[in-house]
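Step one of this worksheet: look at the structure below.
The values are calculated or read from the model by the stated rules, or taken from the named source; none is laboratory data. In this text, all values refer to a predicted model and were calculated from it rather than measured experimentally. Glycine gets a Cβ as well: all are built from the backbone with ideal geometry, and neighbour counts include every protein chain shown. With ligands, DNA and RNA removed, areas are computed over all heavy atoms of the protein, side chains included. Shrake-Rupley method; radii C 1.70, N 1.55, O 1.52, S 1.80 Å.
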Protein chains: 2
Amino acid sequence: MTSSGMQRPGGRTARVRTAVLKAAEDALVEVGFAGLDLGDIARRAEVGRTTVYRRWGSVGALLADVLTDMAEQSLPRARTGSLHEDLRANARLVQRTLADPRQGALFRAVLLAATCDPAAAEALHRFYRTRVDEWAPCVTEAVERGELPPGTDPAEVVRAVSAPLYYRMLTTPDPLDEPTADRAAAAAESAARAGAFRPAGPEVI
Amino acid sequence: MTSSGMQRPGGRTARVRTAVLKAAEDALVEVGFAGLDLGDIARRAEVGRTTVYRRWGSVGALLADVLTDMAEQSLPRARTGSLHEDLRANARLVQRTLADPRQGALFRAVLLAATCDPAAAEALHRFYRTRVDEWAPCVTEAVERGELPPGTDPAEVVRAVSAPLYYRMLTTPDPLDEPTADRAAAAAESAARAGAFRPAGPEVI
């Protein structure tokens, strides 16, 4: 950004972005990715169409910015000092997010967008990478404390907590409740303790 | 079906269904659920539009029949006599299916259809229920052989094998290869052996 384009944090540029991202999320929840339209989003945000077209240019670029914002808004990891409690906190955060009507619909919409749009897929992969990187130290520290075998892949443990919750949401009519979250965390922890998330090949311990 | 509507197995009715379901799958892979159109599917199948409209009536009903057919075509479970080998066979079957360009695209399309259409969701849930029921005896028999703790929930173990493969497909750019499948099976097995898939509450053993 050039000096002429500089804005105070929280100034008009930030306010416009907040309004447009909120409108884009509303549209994703209501009409899905296939129905996204920059003009409609500008109207919802009460922002000029030209501003939206100039700043984001395409639905794909706007969706990427929605995902960047979702990553920025994502809560920091737990630091309980116990792998069991950290993984449970992670599972409950994922469960509450997916079970929330608006957030759940938003996640389903962006997962769907990613299956039909390569730019959306790339942004989605970045979002999940950011989230996994945020929570991975819970596992690294558990290895350092001797709670998990050396060589355990932190990212795979973090993904193992989320995977059953997403799978349940997509393939069953069953509710995503807190006991489900706790079971997902416990299963990932058991598998990690048994060494299931060390790289394949020769034993590392 | 009344006697006047009876058809020999493999007769015209069956041939029409096969052609229309194949055309519907092609359309799902190419244009996704949002782009499905019964007239287009009739053209692809080289079947009269009236036949397709009379027999299926709506895109949702046709998608439900595609999923019924996918469940019928789904391979029978493994019977190796070992939990480890049975779960690995299941994981590799899921991995090969999702990694196959056509089958993978078809599964992504029906998962997405289910997020925006209640009838599609119901049909999808039936498909996964059928698949879980097919593989659950691998777990029941492992409990009977003493390989797993009594009270282990067979459906949850079967779902735990698939979940990381679907999650990886949807949230990462990483390939779905055979080592990934084997790790998913091993993680589910470890968690099951540790008792992670018994109902919550008082210990059952």
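Select from segment B:147-169 the residues that are touching a residue at least 40 places away in the same chain (Cβ under 8 Å) and within 23 Å of A:ARG129 (Cα to Cα) and list them in ascending order.
Passing the criteria: B:VAL161, B:SER162, B:LEU165, B:TYR166, B:MET169.
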Matching residues, segment A:162-201, being modelled with pLDDT of 95 or more, among the charged types (D, E, K, R) and out of contact with any Phe, Trp or Tyr (no Cβ under 8 Å at 6 or more places or on another chain) = A:ARG168, A:ASP174, A:ASP177, A:GLU178, A:ASP182, A:GLU189, A:ARG193
Can you tell me which residue in segment B:81-118 is farthest from B:VAL143 (Cα to Cα), limited to those that are charged (D, E, K, R) and open to solvent by 20 Å² or more (accessible area, probe 1.4 Å)?
-> B:ASP117
Which of the residues belonging to segment A:146-193 are closer than 25 Å to A:GLY81 by Cβ and basic (Lys, Arg)?
-> A:ARG159, A:ARG183, A:ARG193
List the pairs whose first member sits in segment B:33-58 and is modelled with pLDDT of 95 or more and surrounded by 12 or more Cβ atoms within 10 Å (Cβ to Cβ), whose second member is part of a helix (DSSP H, G or I) and among the basic types (Lys, Arg), and whose Cβ atoms are under 6 Å apart, counting only residues at least 6 apart or on separate chains?
-> B:ALA42/B:ARG49
Please find, within segment A:137-159, the residue that is farthest from the other protein chains (Cβ to nearest Cβ) out of those that are under 29 Å from A:ALA105 (Cα atoms) and open to solvent by less than 20 Å² (accessible area, probe 1.4 Å).
-> A:CYS138
Subset of segment A:183-193 [more than 19 Å from the chain's Cα centre (by Cα) and of a type outside the set (Ser, Thr, Tyr)] | A:ARG183, A:ALA186, A:ALA187, A:GLU189, A:ALA191, A:ALA192, A:ARG193
Helices (runs of 4 or more DSSP H) fully within segment A:63-178 counting 1 or more residues that are within 17 Å of B:ASP174 (Cα to Cα) and either under 17 Å from the mean Cα position of the chain (by Cα) or of a type in the set (Val, Ile, Thr) (or both) | A:101-116, A:118-144, A:154-171
Can you pull out the residues in segment A:119-136 that are buried (at least 16 other Cβ atoms within 10 Å of the Cβ), facing another protein chain (nearest Cβ under 10 Å) and free of Cβ contacts under 8 Å to residues at least 60 places away in the same chain?
-> A:ALA121, A:LEU124, A:HIS125, A:TYR128, A:VAL132
Looking at (1) open to solvent by 10 Å² or more (accessible area, probe 1.4 Å); (2) more than 7 Å from chain B (Cβ to nearest Cβ), which is the only condition A:ALA181 fails?
-> (1)
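Is it the case, given these coordinates, that A:ARG44 is within 20 Å of A:PRO101 (Cβ to Cβ) and among the basic types (Lys, Arg)?
yes
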